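The values are calculated or read from the model by the stated rules, or taken from the named source; none is laboratory data. This structure is a prediction, so every number in the text was calculated from the model and none was measured. In this analysis, Cβ positions are derived from the backbone assuming ideal geometry, glycine residues included, and neighbour counts consider all displayed protein chains. Please note that ligands, DNA and RNA were not included when accessible areas were found on the heavy atoms of the full protein model with its side chains. Shrake-Rupley method; radii C 1.70, N 1.55, O 1.52, S 1.80 Å.
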Amino acid sequence: VIENKDFTYECARAYKKVCQKLSINLVFKASYDKANRSSVDSFRGPGIDEGLKILSEIKKELDLFVISDVHTPEEALKASSVLDIIQLPAFLARQTDLIHSLANTGKIINIKKSQFISPFQVKNIVDKFLKFGNNQLLLCERGHSFGYDNLIVDMLGFGEIKEKCNNLPVIFDVTHSLQRRDAGSIISGGRRNQIFELARSGVATRIAGIFLESHPNPQNALCDGPCALPLDYLEEFLSQIISVDNLVKSFPKIIVE
């Protein structure tokens with residue numbers, strides 16, 4: 001979430017520095033409005049006008065592609081004037097009017113797979129975008145509901161999504177998949193101590209990219225701190241991910257009948 005302008009610039013500069021050093025592509029993600037917070041008292045962000053202004057400045061001054069969530073059809077056109085990629089939130093991924101408005105922007109869309117749908121059902125969301133004339137799609141896995149207040153990631157699901165959706169690029173949202181709420185809590189907990197092993201596992205399935213939250217001080221983050229990777233670990237984390245990615249993609253692709 002955009003906590004404030006200075007914080008957002010600090011993160012964007014740090015991400016860019018590491019990604020340039022490692023020669024990997026970066027799309028900078030920050031939310032101008034976290035509209036799906038569990039508690040009415042949780043911090044949501046600066047709102048669309050101030051948030052888009054900050055993202056526009058970062059895009060221009062740091063020469064970065066930017067992405068953010070769009071929650072309503074009415075937001076779509078305004079957000080598309082700044083964003084290079086628009087994110088369809090997981091909880092809203094079946095909302096046809098929202099999909100229609102996002103498709104009409106002509107932008108690349110990052111579809112967050114809902115926690116409550118199977119890999120096979122992602123095709124239904126893709127088909128809606130295709131019906132509305134937009135085939136510039138990324139498919140993002142962010143974990144599946146498992147019992148009460150827990151998420152799991154089905155590693156075989158990555159292949160199912162690719163097969164059903166004509167090999168569209170699949171992205172793995174590592175940090176949100178680490179969410180696990182404590183019983184009775186009004187905020188999401190998380191398992192960032194397991195972020196390395198989960199990310200290595202996902203990347204080993206030959207995906208196109210990862211979605212990652214990294215924060216200078218996760219303990220004091222205003223959103224999703226328990227899942228966020230401490231910024232000091234970012235270079236080591238990405239170095240390991242690159243090594244796994246290069247290794248698995250060096251193997252010939254073998255389809256067992």
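Among the residues of the stretch 226-255, the one identified as crowded, with 19+ Cβ neighbours inside 10 Å and of a type in the set (Gly, Ala, Ser) is 228. Note on the stretch 111-165: residues that are aromatic (Phe, Trp, Tyr) and within 18 Å of residue 95 (Cβ to Cβ) total 3.
Checked against (1) at pLDDT 95 or above; (2) under 30 Å from residue 9 (Cα atoms), residue 96 meets all criteria but (2). Would a scan of the stretch 50-68 turn up a residue that is assigned to a loop (DSSP other than H, G, I, E, B) and either more than 17 Å from residue 9 (Cβ to Cβ) or polar (S, T, N, Q) (or both)? No: the stretch 50-68 contains no residue that is assigned to a loop (DSSP other than H, G, I, E, B) and either more than 17 Å from residue 9 (Cβ to Cβ) or polar (S, T, N, Q) (or both). When you scan the stretch 116-169, how many residues do you find that are in a loop (DSSP other than H, G, I, E, B), open to solvent by 80 Å² or more (accessible area, probe 1.4 Å) and touching a Leu at 6+ places or on another chain (Cβ under 9 Å)? Matching residues across the stretch 116-169 total 1. From the list 98, 83, 102, the one residue that fits, being open to solvent by less than 30 Å² (accessible area, probe 1.4 Å), more than 13 Å from residue 129 (Cα to Cα) and either in a helix (DSSP H, G or I) or not charged (D, E, K, R) (or both), is 83. Name the residue that is nearest to residue 30 (Cα to Cα), counting only residues in the stretch 46-80 that are open to solvent by 20 Å² or more (accessible area, probe 1.4 Å) and under 17 Å from the mean Cα position of the chain (by Cα). Looking at residues that are open to solvent by 20 Å² or more (accessible area, probe 1.4 Å) and under 17 Å from the mean Cα position of the chain (by Cα), I get 65.
For the stretch 107-128, the set of residues classified as under 16 Å from residue 72 (Cα atoms) and without any contact (Cβ under 8 Å) to a residue 60 or more places away in the chain consists of 107, 109, 111, listed by residue number.
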